Amino acid sequence: MSKALESAAALPVQPPADVVPPKKKQPYPFWLGGVAATIAASITHPLDLTKVRLQATGDKRMIESIRKTVRTAGARGLFDGITGTWLRQMSYSLCRFWAYDESKKIVGAGPQSPAWKLALAGSMAGGIAGLVGNPGEIIMVRLQGDLAKPPEKQLGYKNAIDGLIRMVREEGWSSLGRGVGPNVFRAILMNASQLASYDFFKAELLKTSYFEDNINVHVAASFAAGTVATTVCSPADVIKSRVMSASGKDGSSTLQVIKTSFRNEGPMFMFKGWVPAWTRLQPTTILIFVTLEQLKNLVDWTRELRAKQE
């Protein structure tokens, strides 16, 4: 009897026939972050346009700059350079969200990881995305700032693709790397401060008894992350816009731009356009993450529907 029991115990335990082991959840498409960022940036484009014009032109105040744009180009003028924004988001933002997720795997960062690990993953993602997205960044800045320049200095790009072709044809392939230094530096700062601080603030807020994982904590974490990111990135953002908006003979080195701006405007030039940058970044951050979550839900729904049909 005891031998029979021992033999039975040695046999593997089989699960009931109607019990299906849970499937490992498939990763989401790598391009979801880029699509979410494109949707968010399209909505907040007028604020980004105003920020660039404040940084790169003689406009002094945000409201005055918006009024000037509407007065000279109508309401449609608030969406000048929208194709440049789309190109930039589907290159830079697509890359940064993908690289951030991959970098977190490399450094072993999770929801409860310390801030330095998240910042390290964000910095790695920013370096890659800043390099990949540099051409799109140049075209976006030029398209947004073009109509604010005197007629004789306007480039007249029809759209982002036309701008890329003309820039290579007229200025050479090396022009695609214009401002790559400050752009990569800014991208590192942005992703280390925005993505990483968003994850950090969200995790910290969820530890309290006041928040649950819903829209309220997303807004609060986005607000804090947006303020941190705007302040940290402002100097590199201003320098990047001024270097990239120059073309041909007007082009200067990054060091020359810094020297000239510092001499003419003082050290506070590095925070010019902070208010519209902050105003833009808050709704953009919220829109990005809310849209991204909805896109993930849509992917889950389509996968479930496909599984039922099979």
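Some notes on this structure:
- Treating each Cα of the range 248-310 as one equal point scatterer and applying the Debye formula with no solvent, the log10 of I(q)/I(0) at q = 0.15, 0.28 Å⁻¹ comes out as -0.70, -1.06.
- Loop-located trypsin sites (Lys or Arg not before Pro) in the range 56-158, at most 14 other Cβ atoms within 10 Å (DSSP): LYS60, ARG61, LYS158
- Taking only the Cα atoms of the range 54-156, the ratio Rg/Rh comes out at 1.15, with Rh defined as the Kirkwood radius.
- Per-q log10 I(q)/I(0), the chain, q = 0.07, 0.10, 0.11, 0.15 Å⁻¹ (Debye; single scatterer per alpha-carbon; no solvent): -0.34, -0.61, -0.71, -1.21
- Cα gyration tensor shape of the range 100-180, rounded if a/c is under 1.5, else prolate or oblate by comparing a/b with b/c: prolate
- Net dipole in debye of the range 30-178 [+1 Lys, Arg Cβ; -1 Asp, Glu Cβ; about Cα centre; nearest 20]: 340 debye
- Each Lys and Arg contributes +1 and each Asp and Glu -1, all at the Cβ; summed about the Cα centre of the chain, the dipole is approximately 800 debye.
- Table column - 3J(HN,Hα) (Hz), the range 34-40, Karplus curve with 6.51, -1.76, 1.60, x for Gly and Pro: x, 5, 4, 5, 5, 4, 5
- Accessible area of PHE211 in the full protein assembly, 1.4 Å probe (Å², nearest 10): 60 Å²
- Between helix 62-73 and the chain: long-axis angle, C-alpha atoms, 0 to 90°, nearest 10: 70 degrees
- Note on THR208 and TRP173: their simple-model spin labels are 5.3 nm apart, each label 7 Å out from Cα toward Cβ.
- Between 0 and 90 degrees, the angle of helix 160-171 with respect to the longest Cα principal axis of the chain falls at about 60 degrees.
The values are calculated or read from the model by the stated rules, or taken from the named source; none is laboratory data. Just so it is clear, the model here is predicted, and its values are computed rather than measured. Counting neighbours? That spans all protein chains shown, and the Cβs are built from the backbone with ideal geometry, glycine included. What goes into the accessible areas is simple: the full protein's heavy atoms, side chains included, and nothing from ligands, DNA or RNA. Shrake-Rupley method; radii C 1.70, N 1.55, O 1.52, S 1.80 Å.
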